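**Student:** Provided herewith is a single structure, encoded as structure tokens, for subsequent inquiry.
The values are calculated or read from the model by the stated rules, or taken from the named source; none is laboratory data. Bear in mind that the values here come from a model prediction, so they are computed numbers and not experimental data. Cβ placement follows ideal geometry from the backbone for every residue including glycine, while neighbour counts extend to all protein chains displayed.
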């Protein structure tokens, strides 16, 4: 499991590099008129591939850690998928906040900083609410020890992501 967590962390670090590769690649030559098909953003394609890879790797880490019986597995994975969908919305808000921070880095005003802190606190509050909402759903399909284990795995993955973000995001100026 440690190896898979390390791989996930490395993939997350590679995300900016993949995005840069996609944005610098020249579009393929075509003889069709430009209006015949919408342009494909290679950067978006690379990020989608990376996102799908991370989701698959995370699911593999969770599966390995959970050690579910067939009955538990049949009941757990739909709840997991629903939780991940809701968690993805929070992660999108976090990414928007990081992009906003980067855009104002070095020229941030007090009102902008306040707005970002308020957004951060709202995201964290919503994350706690999400976990509280899913606890009873998980308890319906898993023994309590495995509910605790699942939240531990989620917490460890989040800690890795937060550690990597903390290394890359400079303090406000």
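**Student:** Could you tell me which of the residues 68, 60 is over 30 Å from residue 171 (Cα atoms) and outside any helix (DSSP H, G or I)?
**Tutor:** Selected residue: 68, the only one of 68, 60 that is over 30 Å from residue 171 (Cα atoms) and outside any helix (DSSP H, G or I).
So that you can scan it fast, the table gives a plain yes or no per residue for (1) at pLDDT 95 or above; (2) surrounded by 16 or more Cβ atoms within 10 Å (Cβ to Cβ):
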position: 92; (1), (2): no, no
position: 98; (1), (2): no, no
position: 103; (1), (2): no, no
position: 124; (1), (2): yes, no
position: 134; (1), (2): yes, yes
position: 142; (1), (2): yes, yes
position: 145; (1), (2): yes, no
position: 160; (1), (2): no, no
position: 164; (1), (2): no, yes
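**Student:** Of all residues in the stretch 159-173, which are in a helix (DSSP H, G or I) and either under 25 Å from residue 104 (Cα atoms) or touching a helix residue (DSSP H, G or I) at 6+ places or on another chain (Cβ under 6 Å) (or both)?
**Tutor:** 160, 161, 162, 163, 164, 165, 166, 167, 168
**Student:** Separate question: Any residue at all in the stretch 129-148 that is over 17 Å from the mean Cα position of the chain (by Cα) and not in a helix (DSSP H, G or I)?
**Tutor:** Looking through the stretch 129-148, at least one residue is over 17 Å from the mean Cα position of the chain (by Cα) and not in a helix (DSSP H, G or I).
**Student:** Would you please list the contacts, defined by Cβ atoms under 8 Å and residues six or more apart or on different chains, that run from a residue in the stretch 52-80 that is closer than 18 Å to residue 130 by Cβ to a residue that is outside any helix (DSSP H, G or I) and modelled with pLDDT of 95 or more?
**Tutor:** 76/68; 76/142
Residue by residue, here is whether (1) farther than 19 Å from residue 62 by Cβ; (2) without any contact (Cβ under 8 Å) to a residue 24 or more places away in the chain holds:
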site	(1), (2)
110	yes, yes
126	yes, no
131	no, yes
146	no, no
159	no, yes
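**Student:** State all residues of the stretch 88-123 that are touching a helix residue (DSSP H, G or I) at 6+ places or on another chain (Cβ under 9 Å) and outside any helix (DSSP H, G or I); if no residue qualifies, say none.
**Tutor:** Selection gives 108 alone.
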